[in-house]
Each structure stands twice: as structure tokens, then as C-alpha cells.
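Since every read-out is calculated from the coordinates, none of them should be taken as a lab result. This one's a predicted model, so the numbers in the text were calculated from it and none came from an experiment. Glycine also receives a Cβ, built like all others from the backbone with ideal geometry; neighbour counts cover every protein chain displayed.
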Amino acid sequence: MIREIQARTLLTHVRGSDDIFGMSYNFNLYRGCPHQCIYCDSRSECYGIENFNDTLVKVNAVELLAQELPRKRTLGPIGTGSMSDPYNPLERRYELTRRALAVIARCAFPVRIITKSDLVLRDADLLAQIHRVQAVVCFSITTTDDALARQVEPGAPPPSARLTAMRALAVRGIPVGTTLMPVLPFLEDNEANLLAILEQTAAHGGTFVIPWFGMSLRDRQRAWFYRELDRRFPGVREKYERRYGESYSCPVPQAHRLGRFCAQACARLGLADRMPPFVPAVQQPSLF
């Protein structure tokens, strides 16, 4: 179900130092997500989304952004994509992300986008404008196997489409890379899968990979994930229950070894482990 809602505020300040994603501000234009990834942490009760299978559209979001952004005194990267994909299928109809990017371009703020969709290519013109300050696009990829991706990310475009979009943006000079997270235990935590993601990122113009060797599980998210495992991967749920019980943090078995493996591969491929830093331009002081 799709529901249109009125948001009270949009931009939130990111507390502390975000050394990995480098975000100063964050916003979400939608609540819930049609991509319906079976592992999504946003299903958790703490986020207050009554039914994550519904998608709530913040129809006044762009107007709020146009009011709030000019008031920000600190120039810093604005991030989107942490709770709901800004390029979910509804974006074709509502164009909230495109209109939000136009506001960001007008205000000359940098942006960081995380997405599982090749729809981001539609907005390459605006991203190029924003990149006069800085624009970075990060594609979430947990496997390069399109068949496996259809099981764990059933509503999202296939990884092959994301990689094609990555190359197209890289050719246009927009920094791109991969969030390799979560790595699902017993499904994606093998060297062949991880190496394929790293190599394909480098081959498609990516300059960084941000990995997380594991996942989180809590309350409603765990219940949904386990139901989906039973339906799609019979027998795997029992492995989770034996190893993790009711734990929130679920690192993959051999996480340290796989971390070293990926670090070595990234070094060989010239991939960083975080997004490019934002460095504000230094204005030349006037002599008069």
C-alpha cells in the first residue's frame, strides 16, 4: 500500500564524527521501501514504522528541504538512503529525489547517495551540477549473482544493472563505489562472492568499497528474516538460531579472516574503504 503523508521536518544533523560515510546531515523522502530486502534493519520496532510493507511518501519533503537547507550554517555532505532507498520504484512517479537534488544543487551543498537502483542515472545531470562541490553515489551490493539477489532483495534492480549504472556515472566523472553490507552469514560470506564484488566494483569505475561482515537482527526484523529464510533457503534459519540465538550483532563466521582477505584485495585493486572525504573549497581572501 502507498500512503501520502505530511512530514514535520526533514533534515537531521548527524551527531558525532561519521568517518566512514562522512555525512553531516541526513534525510529520507520515503518511509518503508518497495525493495523489500529480507534483511532490512528498518523493519525493527525502534524505527516506528507500523507496517514496513507499506510505503509512506513525504509529499511535502522538497518544500521542507527548501526551507531548512538555507538555514544550515555548516557546509557538509547531505546523505540519503539509510532508511529507505531514494530511488525506489515510486520515485519514477513522485520524483521527490530529483526535486530534492535540484534544491541541493541550488544551495551548493555536497551530497552522498546510497541506493540499490540504476534509476539514479536519470539524475546524472543534477549530480554533475552538485559535483562542482561534491557528489558521491554508493551502490549497495551484497552479491553479484542476480539469481541470489532476487531472493534476498526481491524488489530491487539486479546487481548487474547497478554495476552498469556505476560505470555510467564514473564515466561522467561522478565518484562511485559500493557498500558491501550486510554480508549475510551462510549465504554470502565466502571469498568467491566477496572477491567478485570487489573486482566488479573496480572494473566498473568504483573507487571504494565499504564492507560490513555480518548483519543485525532484532524483534520484528528477525521474525521477518527468519520467515523469509524458511521460504527461500530451507535449513538456513536453524544455523542462525544455533550460532546467534537472540543476539543483535551477527558477525559472519571467520569475519576477521574475511576482513583481512578483502583488505588485501582492495589494496591490490586500489579501492579505499570509505567514501572520498569532503574538503570545503578555501576562498582566497580579498586584498582590498
Q: Could you calculate, for the stretch 212-251, the ratio of the Cα radius of gyration to the Kirkwood radius, expressed as Rg to Rh?
A: 0.94
Q: Calculate how many DSSP beta bridges within the chain are antiparallel, expressed in % of all such bridges and rounded to the nearest 5.
A: 25 percent
Q: Go ahead and set up a Gaussian network model of the chain, Cα springs under 10 Å, then flag whichever of Leu101, Leu180, Leu258 fluctuates most.
A: Leu258
Q.
How would Asp85, Asp123 line up from fewest to most surrounding beta-carbon atoms within 10 angstrom?
A. Asp123, Asp85
Q) Across the chain, where is the longest run that never hits GluC sites (Glu not before Pro) in a DSSP loop with at most 11 other C-beta atoms within 10 Å? A) 51-245
Q. Cα extents of the stretch 93-153 along the three principal axes, largest first, in whole Å?
A. 41, 25, 14
Q: Could you line up Ser44, Ser117 from fewest to most neighbouring Cβ atoms inside 10 Å?
A: Ser44, Ser117
Q.
Taking 8 Å as the Cα distance limit and 6 or more residues as the minimum spacing, I'd like the relative contact order of the stretch 34-172 as a percentage.
A. 28 percent
(Q) Whole percent per 5 Å bin, from 0 to the bin with the longest distance: what is P(r) over all C-alpha pairs of the stretch 188-228? (A) 5, 18, 20, 15, 15, 13, 11, 3
Q: Ratio to report: Rg/Rh of the stretch 1-130, with Cα atoms as the point set and Rh obtained by the Kirkwood method; give two decimals.
A: 0.94
Q) So what is the relative contact order for the stretch 2-269, in percent, with contacts set as C-alpha pairs under 8 Å and at least six apart? A) 17 percent
Q: Mind putting a number on the dipole of the stretch 1-143 about its Cα centre? Charges go on the C-beta only, +1 for Lys and Arg and -1 for Asp and Glu, and I need it in Debye to the nearest 20.
A: 420 debye
Q | Long-range tail of P(r) for the stretch 82-225 (Cα pairs > 26 Å, %) | A | 25 percent
Q | All-pairs alpha carbon distance profile, the stretch 134-288, 5 Å steps from 0, percent | A | 2, 8, 17, 19, 17, 13, 10, 6, 3, 2, 1, 1, 1, 0, 0
Q | Ellipticity estimate at 222 nm from DSSP helix runs (n ≥ 4, -39,500 (n - 2.57)) divided over the chain, nearest 500 | A | -10500 deg cm²/dmol
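With the Cα gyration tensor of the stretch 2-269 in hand, convert its eigenvalues to equivalent ellipsoid semi-axes via √(5λ) and list them largest first in whole Å.
Equivalent ellipsoid of the stretch 2-269: 30, 23, 17 Å, largest first.
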Q: Once you've got the GNM for the chain with C-alpha springs shorter than 10 Å, pick whichever of Gly16, Gly81, Gly235 has the biggest mean-square fluctuation.
A: Gly16
Q: Just tell me which lysines come within less than 30 Å, Cα to Cα, of Lys58; anything on the same chain fewer than 8 places away is out.
A: Lys72, Lys116
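May I ask you to sort Val279, Val120, Val171, Val14 by Cβ crowding, counting other Cβ atoms within 10 Å and putting the fewest first?
Placing the least packed residue first, the sequence is Val279, Val171, Val14, Val120.
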